[in-house]
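The next block holds one structure in the form of structure tokens; read it before the comments.
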Amino acid sequence: MTYEPTQEQVDKLYIRLKNEAEASGYHLNSDVAFTKDLVKGLLVNEARYGYWNCPCRLSTGIKAEDLDIICPCDYRDADLNDYGACYCALYVSTDIANGKEEAKPIPERRPTKEARNKMKEEAEKKKQLTDLPLPVWHCKVCGYLCARENPPEVCPICKAKKDRFEKFM
């Protein structure tokens, strides 16, 4: 049986995402019907996997392997900078949101699974102890840094959850 979110659920999440995006300096795609279809995909993926896997990417169903593509994905800001929109065009630049430009196709920048595994192994090898009194945590979505014993439950900048943080130093 396939989960089908109600229009009320889609509208409620759409408003929440729009408010959070605007409060953080981001913009949702101004094509409301298109954007609500993406929001519906997020809700379907949440019901299916337990998290907001990007509706335009295939999920493994294993959260630890999909962390980089949980919306907002790790590639959003780079895609916005380079192309004016994220991969699925849920988030767009100011010019696209204001109708001055149109969203264009965006190449997939997510590395292959093999490349991601290799990068993870290399990062583990490079981890070094520091003389800092507290570890520094890095939000992989927006780049927010904080020095504390543990990462915050929710990023104060982009609202990404705790599991989207990695130890930076």
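The values are calculated or read from the model by the stated rules, or taken from the named source; none is laboratory data. Everything quoted here is computed from the prediction, not taken from an experiment. Note: ideal-geometry Cβ built from the backbone for every residue, glycine included; neighbour counts use all protein chains shown.
Numbers at a glance
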item	result
Single unsatisfied condition, Asn45 versus (1) closer than 30 Å to Asn117 by Cα; (2) touching a Lys or Arg at 6+ places or on another chain (Cβ under 9 Å); (3) of a type in the set (S, T, N, Q)	(2)
Tally, over the range 9-38, of residues that are in contact with a Ser or Thr (Cβ under 9 Å, 6 or more places away or on another chain) and among the β-branched types (Val, Ile, Thr)	0
Members of the range 64-112 found to be in contact (Cβ under 8 Å) with a residue 60 or more places away in the chain and closer than 17 Å to Cys155 by Cβ, listed by number	Leu67, Asp68, Ile70, Pro72, Cys73, Asp74, Arg76, Asp77, Tyr91
One residue from Leu58, Leu42 being in a loop (DSSP other than H, G, I, E, B) and within 17 Å of the chain's Cα centre (by Cα)	Leu58
Whichever residue in the range 90-99 is at pLDDT 95 or above and in a loop (DSSP other than H, G, I, E, B) and, among such residues, is nearest to Gly143 (Cα to Cα)	Ser93
Single residue of the range 133-150 satisfying the filter (part of a loop (DSSP other than H, G, I, E, B), free of Cβ contacts under 8 Å to residues at least 24 places away in the same chain and touching a Pro at 6+ places or on another chain (Cβ under 9 Å)) that is surrounded by the fewest Cβ atoms within 10 Å (Cβ to Cβ)	Glu149
Residue in the range 22-33 that is β-branched (Val, Ile, Thr) and touching a helix residue (DSSP H, G or I) at 6+ places or on another chain (Cβ under 9 Å) present	yes
Top-ranked residue of the range 8-38 - restricted to ones that are without any contact (Cβ under 8 Å) to a residue 40 or more places away in the chain and among the β-branched types (Val, Ile, Thr), ranked as farthest from Ile70 (Cα to Cα)	Val32
Filter result for the condition that a residue is surrounded by 14 or more Cβ atoms within 10 Å (Cβ to Cβ) and at positive phi, over Ala97, Ala103, Ala89	Ala89
Selection count where residues are surrounded by 14 or more Cβ atoms within 10 Å (Cβ to Cβ) and closer than 14 Å to Arg164 by Cα, scope the range 55-67	3
Residue match in the range 74-84 (condition: surrounded by 12 or more Cβ atoms within 10 Å (Cβ to Cβ), at pLDDT 90 or above, polar (S, T, N, Q) and not in a strand (DSSP E or B))	no
Test for Leu13: is it in contact with a Pro (Cβ under 7 Å, 6 or more places away or on another chain), surrounded by 13 or more Cβ atoms within 10 Å (Cβ to Cβ) and assigned to a helix (DSSP H, G or I)	no
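Yes or no, residue by residue, for (1) out of contact with any strand residue (DSSP E or B) (no Cβ under 7 Å at 6 or more places or on another chain); (2) among the basic types (Lys, Arg):
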| position | (1), (2) |
| --- | --- |
| Pro5 | yes, no |
| Lys12 | yes, yes |
| Ala33 | yes, no |
| Leu43 | yes, no |
| Arg48 | yes, yes |
| Tyr51 | no, no |
| Ile62 | yes, no |
